Structures are given as C-alpha cells and as structure tokens.
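**Student:** Let me give you the structure first, and then I'll get to my questions.
The values are calculated or read from the model by the stated rules, or taken from the named source; none is laboratory data. The structure presented is a predicted model; accordingly, all values stated were derived computationally and were not measured. Here the Cβ is made from the backbone with ideal geometry for all residues, glycine too, and neighbour counts use every protein chain on show.
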Amino acid sequence: MSTLVDLHMHTTASDGEHTPSSLVDLAKDSGIQIMSITDHDTVDGLDEAIARAEEQNITLVPGIEISVKDKRELHILGYCIEYHRPEFEENIKKLKKYRTIREDITLDFLHQKGFDITEEEVLEEAGNDVVGRPHFAAVMMRKGYVDTKKDAFDKYLASKEFLEIHRPKPTINEAIEMIKSGRGIPVLAHPHSMGLIGNALEQRIKHLKDSGLKGMECYYNSYAKNHSDKMFDVNYYLNIADKYGLLATGGSDYHGEKVKPGISIGCGRYGPIGFNDEEICDKLKSTKEKMYNLAI
Ligand code: AMP
Ligand code: ZN
Ligand code: FE
Ligand code: FE
C-alpha cells in the first residue's frame, strides 16, 4: 500500500527543488491525500501551496520546520499554523535574522578552509532569503571543491568542527513559543538526529513534552518497521509516542532528487514510509482545540 500522508516536505521557499505549486502537483500524482509543507524557518511557500492544493483537491496542512540549538540536529515541526498572525510573523523575522548570521559564519568557515565562495553565489543558488547548508554544498560541488553534496556535509558542513561553532538558533523553548504564537502544534522532527537512544532519548522526550511538545515524527525516510537498529525503527518510536502521549506523525522530508537523492514523496530508503493515518487531520484539529481552548 502506498503512503497516503506525507507531513514533511520542502520547496524552493527554503532548500527544496520544486516550487510550492509543483510540489502540490507532484504529491497529488504520487497518490498523497494529506500533505504538509514544512520549509526551514519560513512560511513563504504556503500561500501559493494552499491555493494549488484547493485546485487539486488535496488536503494541505500549513507547516514549518524550525532549527533549534542543540549539540546535534534538533528540528521542531509546527503544524496547523496560522502563519499570518502578526506575532508569528515577527518571530519568523527573528528566525531569518539568525539564519543570515549563520550564513556569514558558514562563509567564514569555508573561507578558512581555503574555498573561494562568495555570498552572491550562495544567494543565487538559494534564490531566496532562506539560505541553508544544501545551498553551500551545491556551490562547493559546482566549483569542484567536493565530488558530491554528501562529501560537502561529511567533510565540512556536518563535521564535528563545524557543528561545534556557535551559530545562533532559538532554544527549544523559544522555538515552541514561536510555533504557539501562530497557534501551531509543535512536533519533534526525525528524532534519531538528536543522536540519543533508550533512556537518554526518553529523558529528552519527557523534557520536550514538559516544554510543550505535542507530537513526534515516527515515520521517516530512513525508518522501517522492525528495523534491526532501533534508532531507525518505526515501532520503537510509535511505542515512545504512545508512552508519552504524543501524536505520531510522519513524512519523507522530500527536497527533490537534485537536493536529496533517493527520496521521493511518501517514500524513503526502504520504499513507502507507510504513514497512512487518514484521521491525522482530526487528531491535529483536536490537539489544537485543546491547546488553545478553541470552541469546537
Ligand atoms: P540548515 O538549514 O543549514 O541547517 O540545513 C539543513 C539541511 O541540510 C536539511 O535539509 C538536511 O537534510 C541537510 N543536512 C543536514 N545534515 C546533513 C548531512 N549530514 N548530509 C546531507 N544533508 C544534510
Ligand atoms: Zn532542508
Ligand atoms: Fe529536518
Ligand atoms: Fe526537513
């Protein structure tokens, strides 16, 4: 059975390959019934996507993915955001400012490594004001400094040395408050990327839940049911979500073949990610109603 729901995808508004409209078209063609666009630190693609989703008769959950300060990679998804709320818009400006500072820091780092890369080249690659490491990786590859984008990450952009550099990002509490300023639902993205497992992971999840987390991404492009490594096991995460009363969500983190090869809409490394919860919209809706005391 193919995947029906994909709640994690990126567009040209951040570091995805496809425009919001074409991503909606592709999702529809892939048999997806419920989708979300979760660009990094921006909601700039949502107006266009929602208009296209209406034409295509596909359900689109407005989303975002916020990068949070952590030793490893910690990303918080926000779902059902009312992204035109003024306080939320102010918070997005702050996120973009952080990102611009991170862009300068990354350029300095690459210059120190001897690479001749200009801000203009990176901005041109990004095509918008949301610059991310995949854009740097693309420029590095184009200029022959690395053979593949993966090399750019492994050797430089995801190296221990790079990750230890202080780069401004919101704290977990700030990120959750930002999502709440848009009356959204905070969900932990790809939990394996925090690099924790077992007790350490559960302690962290408990802490995140105390900070206001409402859900966890249990289906992901590198996860499978009964994977031999529990860090990539869907059932392992489903059990944790159940134990801590978190909503189980899932998505492919599709960026397009050029940006992140080997992943397609609704599918990851092992085929369909298998997230088929047709009631997810009702679950998100009732979570939101409870969070914000909305009249039913
Ligand atoms: P940024 O917004 O600058 O933190 O970049 C985040 C993007 O980089 C996400 O799309 C990730 O999929 C991608 N990314 C992060 N780490 C790696 C890695 N080790 N290899 C390939 N892509 C990565
Ligand atoms: Zn990305
Ligand atoms: Fe992410
Ligand atoms: Fe993502």
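Residue-by-condition table, conditions (1) in contact with a Cys (Cβ under 9 Å, 6 or more places away or on another chain); (2) outside any loop (DSSP other than H, G, I, E, B):
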| site | (1), (2) |
| --- | --- |
| A241 | yes, yes |
| G245 | no, no |
| T249 | yes, yes |
| K258 | no, no |
| G274 | no, no |
| K285 | yes, yes |
| K288 | yes, yes |
| M291 | no, yes |
| A295 | no, no |
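**Student:** So which residues in region 214-235 are surrounded by fewer than 22 Cβ atoms within 10 Å (Cβ to Cβ) and more than 15 Å from ligand 3 (Cβ to nearest atom), if there are any at all?
**Tutor:** Of everything in region 214-235, those that are surrounded by fewer than 22 Cβ atoms within 10 Å (Cβ to Cβ) and more than 15 Å from ligand 3 (Cβ to nearest atom) turn out to be A224, K225, N226, H227, S228, D229, K230, M231, F232, D233, V234, N235.
**Student:** Under 9 Å between Cβ atoms, which residue pairs at least 6 apart in sequence (or on different chains) link something in region 185-196 that is farther than 16 Å from K71 by Cα with a partner that is within 12 Å of ligand 1 (Cβ to nearest atom) and not in a loop (DSSP other than H, G, I, E, B)?
**Tutor:** P186/I66
**Student:** Taking the criterion of being within 14 Å of the chain's Cα centre (by Cα), away from ligand 1 (no atom under 13 Å from the Cβ) and either hydrophobic (A, V, I, L, M, F, W, C) or at positive phi (or both), would at least one residue in region 55-64 satisfy it?
**Tutor:** Yes, some residue in region 55-64 is within 14 Å of the chain's Cα centre (by Cα), away from ligand 1 (no atom under 13 Å from the Cβ) and either hydrophobic (A, V, I, L, M, F, W, C) or at positive phi (or both).
**Student:** Within the bounds of region 189-200, is there any residue that is of a type outside the set (S, T, N, Q) and under 17 Å from P62 (Cα atoms)?
**Tutor:** Yes, region 189-200 has at least one match.
**Student:** Take the residues of region 260-272 that are in a loop (DSSP other than H, G, I, E, B), on the phi < 0 side of the Ramachandran plot and not charged (D, E, K, R): which is nearest to ligand 4 (Cβ to nearest atom)?
**Tutor:** Checking each candidate, the answer is I263.
**Student:** Also, quick follow-up: Return the only residue of K69, K28, K96 being farther than 19 Å from H255 by Cβ and more than 16 Å from ligand 3 (Cβ to nearest atom).
**Tutor:** Of the residues listed, the single one that is farther than 19 Å from H255 by Cβ and more than 16 Å from ligand 3 (Cβ to nearest atom) is K96.
**Student:** Moving to a separate point now. Can you give me the number of residues within region 199-239 that are farther than 18 Å from I185 by Cβ, over 18 Å from the mean Cα position of the chain (by Cα) and in a loop (DSSP other than H, G, I, E, B)?
**Tutor:** Total meeting the criteria: 5.
**Student:** Also, I was wondering about something else. Kindly list the number of the only condition in (1) modelled with pLDDT under 95; (2) closer than 21 Å to I176 by Cα that fails for K288.
**Tutor:** The failed condition is (1).
**Student:** Next question. Among the residues of region 15-55, how many are closer than 19 Å to C80 by Cβ and not aliphatic (A, V, I, L, M)?
**Tutor:** Going through region 15-55 one residue at a time, the tally reaches 14.
**Student:** Given the criteria in contact with a Ser or Thr (Cβ under 9 Å, 6 or more places away or on another chain), modelled with pLDDT under 95 and among the small types (G, A, S), does G127 qualify?
**Tutor:** Criteria met by G127.
**Student:** For the structure I just gave you, tell me whether A53 is part of a helix (DSSP H, G or I) and more than 16 Å from ligand 4 (Cβ to nearest atom).
**Tutor:** So A53 fits the description; yes.
**Student:** If you take the residues of region 56-83 that are free of Cβ contacts under 8 Å to residues at least 60 places away in the same chain and assigned to a loop (DSSP other than H, G, I, E, B), which of them is surrounded by the fewest Cβ atoms within 10 Å (Cβ to Cβ)?
**Tutor:** In this case the residue turns out to be N57.
**Student:** Evaluate the following for Y156: is it away from ligand 3 (no atom under 16 Å from the Cβ), in a loop (DSSP other than H, G, I, E, B) and modelled with pLDDT of 95 or more?
**Tutor:** Criteria not met by Y156.
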